[in-house]
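Notes for the one structure printed next.
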Amino acid sequence: MDYTSRATAKTPAHIIFLIDISESMAQPCYGQPRISVVTRALTEVIFHMMDMSTIMVGNQPQIRPRFRVAILGYNEQVYDPYGGFVSIDKLAQTGVPTFQPAGETDMFLGFQAVEKLLDQFLPTVGSAPAPLMPAPLVCHLTDMEYNKGNSPLALVERIKSRATGDGPVLVENVFISDSALRTPISSIESWPGVRSEAELQGSFAVELFRMSSEIPATYLDTIQYWGFSNIKPGSRLMFPGANPELLKTALVTTGSSGGASRQSTYK
Amino acid sequence: MALGRSARAVYFHRKSADAQETGAKNEDAIAWQVNPSGEIISFTVCDGVGGSYLGYIASNYLAAMLVGALNGWAEDPPADTLTAPTLRDYLDSWKDEGRIWVEKQQISFNANPALVEVVKNRERHGSHTVFFCGYVDCRAGGASLFAWMGNVHGQVFGKDGQGLLDTSTMADDRVRWTTKHGCLGTPNLKYIPTDMIGRVLVFSDGLEKIAEQLTGIGDAAEDAALVRSLAGQVFSDDASLFSIWPSPGVTSAEGATQLPIDESLPPDNPEQPLELNIRPGEGQEATDASDLSALQDLPVWEQNGPTKIWRRIKSIWPPYS
């Protein structure tokens, strides 16, 4: 239970991207619709995972199934274009799905779908060969405000109570908004992370904070390596994605799952 | 000439389960060399960066270069004491040859454009490795040298078991040696009087999970037993270990019977841990170098790879010719 398991072909890291695709995601962000910025960042992070999964066998590169990824979109419904988890070697062939923003935001529904995915998958973890699989990571991208359905807080707590031998399920929130932090970020490198509710403004931001897991100590180095170089212990897995660069950096941190990103040239 | 010293070493070298399954190369490289009089052992453990371009090339090449150079520096020290900046100059000067070895590799691509992009991206950055190396000089009044770059696991323990190196300098993932740029960052370097040293331990990421066990070992025999127990285990990353006990306090006879140099180690069981009597018996005459000759003739095996003979350090390079 210490988040040290590595992502390997036999013990892949499971990552669920839960993406808010409500109408507000069509609003512009640095000249592009927010959803386009998300899609681009997601494409980069999938490329990053491919990089971490590529080995050379003889003189032939080969992608090993070290990551299993699910990509869910939600508004008033949930869209699961892959039908659950797909391994990174398969994802390399299909690419990232595109979503059309529309409708209202039912965040509870989105996390319900996450729980169902975990229900299917977690019972099988115990039978995985040692070393144990890395704890699954749920990466939620949103522009924050849900306007339909119940608060997902209790549901997310239940999700976080599920565990593999590596540790409880981790929930990360990436907020595509520049109004959540009381002190705006001056640079990615100097940002210390979010450690208390007092650093946030607005009830939705506080709710996201409560949903977010604390960054495991073993992931801290990796997150610092990928750009948030001043992030402090005790910070939550809660990152701003208010501009394309921030969003990309926030998403790349998902590669901390399984520890494989420690040795890479991709940056 | 009375040496008044002895040393014993244990190594372990095994591919990750994934590499064993696919036939990918071991990206760790370990190397050692004992000088002709048996008083100095040079060693290195290089951990090729998995996400770099053909990380095994950087690790194997640098291991060979470092061990050869370390032995030379120990026996015939440079006019000026080696410092971190001068070591960096040496390391930088080796990058061109390293790059030539990388360029000799012909990569064949399948049709997946994303995969092509991954490999091309890696190629642009070159082959990378981190390392921990050094020499242990067992001559009377000798000082030993240790050097490292990047995120490595190395420590020199004093007689009281206390670590003598600042391991906070071994945590930076950005620091490494590359065939493209030479050093990214500056190597760390430290001299320690050999009299102070109880044990030298270095291991790669594959053994990270048992780090506490490895560092808590009390003597060479216990060390050998633990390493033997690793033989049947599965590792999520390539796993390498090199452990040196400069003063094991065993007699020559004990050394010969308890920790023989096993030259019959079969090539098809290459990663069985092997213990080396570097210099069994205190006060042995330097002219009695039979054990050392045997040591220097030890073959080093890599699973699914050709036998490599350690007689001349250069002969291990290239590793897959």
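The values are calculated or read from the model by the stated rules, or taken from the named source; none is laboratory data. Since the model is a prediction, treat every value here as computed from it, not as a measurement. For neighbour counting, all protein chains shown are included, and Cβ atoms are generated from backbone atoms with ideal geometry for every residue, glycine included.
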Where a residue in the range A:165-176 is under 9 Å from A:Y3 (Cβ atoms) and its partner, wherever it lies, is part of a strand (DSSP E or B), with Cβ under 8 Å and at least six apart: A:L170/A:L137; A:L170/A:V138
Residue check, B:S108 in contact with a helix residue (DSSP H, G or I) (Cβ under 7 Å, 6 or more places away or on another chain), among the polar types (S, T, N, Q) and within 12 Å of chain A (Cβ to nearest Cβ): no
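Go through the range A:1-16 and count every residue that is away from chain B (no Cβ under 12 Å) and buried (at least 24 other Cβ atoms within 10 Å of the Cβ).
Of the range A:1-16, the ones away from chain B (no Cβ under 12 Å) are A:1, A:3, A:14-16.
Now narrow it down to the ones that are buried (at least 24 other Cβ atoms within 10 Å of the Cβ): A:14-16.
Qualifying residue count for the region: 3.
How many residues does the range B:158-195 hold that are assigned to a strand (DSSP E or B) and within 14 Å of chain A (Cβ to nearest Cβ)?
4
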Identify, please: which residue in the range A:87-113 is among the small types (G, A, S) and assigned to a loop (DSSP other than H, G, I, E, B) and is, among those, surrounded by the most Cβ atoms within 10 Å (Cβ to Cβ)? A:G103
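Kindly indicate which of B:T22, B:T86 is more than 10 Å from every other protein chain (Cβ to nearest Cβ) and out of contact with any Gly (no Cβ under 8 Å at 6 or more places or on another chain).
Matching residue, one of B:T22, B:T86: B:T86.
Quick grid of which residues meet (1) more than 23 Å from A:M144 (Cβ to Cβ); (2) crowded, with 23+ Cβ neighbours inside 10 Å; (3) within 14 Å of chain B (Cβ to nearest Cβ):
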residue	(1), (2), (3)
A:G202	no, no, no
A:S212	no, yes, no
A:D221	yes, no, yes
A:Q224	yes, no, yes
A:G227	no, no, yes
A:G234	no, no, no
A:M238	no, yes, no
A:P244	no, no, no
Considering A:A41, A:A92, which residue is out of contact with any His (no Cβ under 7 Å at 6 or more places or on another chain), under 30 Å from B:S108 (Cα atoms) and more than 14 Å from every other protein chain (Cβ to nearest Cβ)? A:A41
From the options B:L145, B:L91, residue that is at pLDDT 90 or above and touching a Lys or Arg at 6+ places or on another chain (Cβ under 8 Å): B:L145
How many residues of the range B:79-118 are out of contact with any Ser or Thr (no Cβ under 6 Å at 6 or more places or on another chain) and more than 21 Å from B:M149 (Cα to Cα)? The answer is 19
If we keep just the residues of the range B:181-231 that are in contact with a helix residue (DSSP H, G or I) (Cβ under 7 Å, 6 or more places away or on another chain) and among the polar types (S, T, N, Q), which is nearest to B:V10 (Cα to Cα)? B:Q213
Residues being at positive phi and within 17 Å of the chain's Cα centre (by Cα): count how many of those fall in the range A:216-242. 1
Among the numbered criteria (1) hydroxyl-bearing (S, T, Y); (2) closer than 29 Å to B:E123 by Cα; (3) more than 14 Å from chain A (Cβ to nearest Cβ), which single criterion is violated by B:S204? (3)
For the range B:27-43, indicate whether the set of residues that are over 24 Å from B:Q155 (Cβ atoms) and within 14 Å of chain A (Cβ to nearest Cβ) is non-empty. no
Going by the structure shown, is B:Y61 crowded, with 24+ Cβ neighbours inside 10 Å and within 14 Å of chain A (Cβ to nearest Cβ)? no
Restricting to the range A:204-229, name every residue that is at pLDDT 90 or above and of a type in the set (S, T, N, Q). A:S212, A:S213
Please enumerate the residues belonging to the range A:9-28 that are hydrophobic (A, V, I, L, M, F, W, C) and in contact (Cβ under 8 Å) with a residue 60 or more places away in the chain. A:A13, A:I15, A:I16, A:F17, A:L18, A:I19, A:I21, A:M25, A:A26
B:R139 versus (1) under 19 Å from B:K95 (Cβ atoms); (2) crowded, with 16+ Cβ neighbours inside 10 Å; (3) of a type in the set (K, R): which is the lone unmet condition? (1)
Pairing a residue in the range A:54-81 that is more than 30 Å from A:G149 (Cβ to Cβ) and touching a residue at least 60 places away in the same chain (Cβ under 8 Å) with any residue that is in a loop (DSSP other than H, G, I, E, B) and hydroxyl-bearing (S, T, Y), where Cβ atoms lie under 9 Å and the two sit 6 or more apart in sequence or on different chains, gives A:R66/A:T8; A:R66/A:T11
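Can you find, within the range A:57-80, the residue that is nearest to the other protein chains (Cβ to nearest Cβ) among those that are part of a loop (DSSP other than H, G, I, E, B) and within 17 Å of the chain's Cα centre (by Cα)?
A:R66
Residues are listed down the side, and each one gets a yes or a no for (1) assigned to a loop (DSSP other than H, G, I, E, B); (2) over 25 Å from B:A171 (Cα atoms); (3) touching a His at 6+ places or on another chain (Cβ under 9 Å); (4) facing another protein chain (nearest Cβ under 10 Å):
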| site | (1), (2), (3), (4) |
| --- | --- |
| B:P77 | yes, yes, no, no |
| B:E97 | no, yes, no, no |
| B:I100 | no, yes, no, no |
| B:A114 | no, yes, no, yes |
| B:F132 | no, no, yes, no |
